[in-house]
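Encoded as structure tokens, the structure appears first; notes follow it.
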Amino acid sequence: MNKVNELDGKVDIVFVDGKIAADRSAMLIIKVKRINSNIKIMVLAEDETDKTRVLEYGADEFAAKPIGAETIVDKVYSVLLTREPK
């Protein structure tokens, strides 16, 4: 979290790996959004089981692995287009 604080205003998107323990990913999403609600969060997980939960905690996008580079680029582009102006 210290790094996110240090980079506040310089970070547009944070990727969260779904392998983070269930509690920790939720708290990470919540803390990042508290620091700066404009930072977008994309969760990459092994399967779809956590999709609803992480989106409810504030993640902006979700993708199940394996995921291709083109799909990641498309999702990042889409998420960044919907961000609020600084």
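Taking a cut-off of 21 Å between Cα atoms, list the lysines near LYS10, but don't count ones fewer than 8 places away on the same chain.
Those lysines meeting the cut-off are LYS31, LYS33, LYS40, LYS75, LYS86.
Given H placed 1.01 Å from N in the peptide plane, which residues other than close sequence neighbours of LYS40 have an amide H under 5 Å from its amide H?
ILE13, VAL14
Using a/c under 1.5 as the rounded threshold, could you call region 2-81 rounded, prolate or oblate? The axes a ≥ b ≥ c are square roots of the C-alpha gyration tensor eigenvalues, and prolate needs a/b larger than b/c, oblate otherwise.
Oblate, since a/c reaches 1.5 and b/c is not below a/b.
For the pair THR71/ASN36, report the inter-label distance in nm, with labels modelled 7 Å from Cα in the Cβ direction.
In this crude label model, THR71 to ASN36 measures out at 2.9 nm.
Values quoted throughout were computed directly from the atomic coordinates according to the rules given, and no laboratory measurement underlies them. Remember, it's a predicted structure, so these values are computed and weren't measured experimentally. Note that we place each Cβ from the backbone using ideal geometry, even for glycine, and neighbour counts take in every protein chain shown.
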